[in-house]
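One structure is given here, and the rest of the page talks about it.
The values are calculated or read from the model by the stated rules, or taken from the named source; none is laboratory data. Since this is a predicted model, take the numbers as computed values, not measurements. Reconstructed Cβ throughout: ideal geometry from the backbone, glycine too, with neighbour counts over all protein chains shown. In case anyone asks, the SASA skips ligands and DNA or RNA and just uses the protein heavy atoms, side chains included. Shrake-Rupley method; radii C 1.70, N 1.55, O 1.52, S 1.80 Å.
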Amino acid sequence: MSDSQPQVRDAVQAAMHEQREHGRRTTAAPGPGQVTPAGLHTELALAREEIKDLKRERDRLRERVRLSLGAELDDVGRRQLVERIRQLEQQNTELRHELSEARDRLTDSERRLQEAEDDLTAARASLRRAMRAVPSK
């Protein structure tokens with residue numbers, strides 16, 4: 001603990017000894033004749049210890065606030081990242097759907113192209129037969 005604790009203990013013991021010898025004071029404020037050096041030392045030592053405790057508590061609370069603010073800032077960043085991920089996942093789903101539709105259209109177009117090529121081949125063959133069937137001059 002701190003180096004002043006033996007001083008505090010000594011001051012408290014001296015005050016207790018003085019209280020036993022002279023009795024407990026019952027007045028609200030001690031008069032000038034009732035103040036003793038041991039009592040003043042005790043009060044000073046206790047005040048110093050209280051100040052040290054308060055400084056430790058202040059530092060501890062300051063650290064908690066710092067950590068809490070840091071966590072809030074991290075949380076804001078985290079929420080933004082989560083929202084961005086959600087948007088990207090939604091966009092990815094939409095793009096997959098569009099790709100599927102485009103593949104379906106491509107397959108349909110390829111089928112119609114093949115049918116058109118088959119019709120064209122059949123029309124050429126029919127035209128050739130028709131041209132052969134017409135007598136030449």
Regarding segment 70-82, can at least one residue be identified that is free of Cβ contacts under 8 Å to residues at least 40 places away in the same chain, among the β-branched types (V, I, T) and over 28 Å from Q7 (Cβ atoms)? yes
Test of understanding: among R78, R132, which residue is exposed (fewer than 10 other Cβ atoms within 10 Å of the Cβ) and either assigned to a helix (DSSP H, G or I) or at pLDDT below 90 (or both)? R132
Cross-chain or 6+ apart pairs with Cβ under 9 Å, segment 41-54 first and more than 8 Å from V8 (Cα to Cα) and among the basic types (K, R), then open to solvent by 80 Å² or more (accessible area, probe 1.4 Å) and part of a helix (DSSP H, G or I): R48/Q7
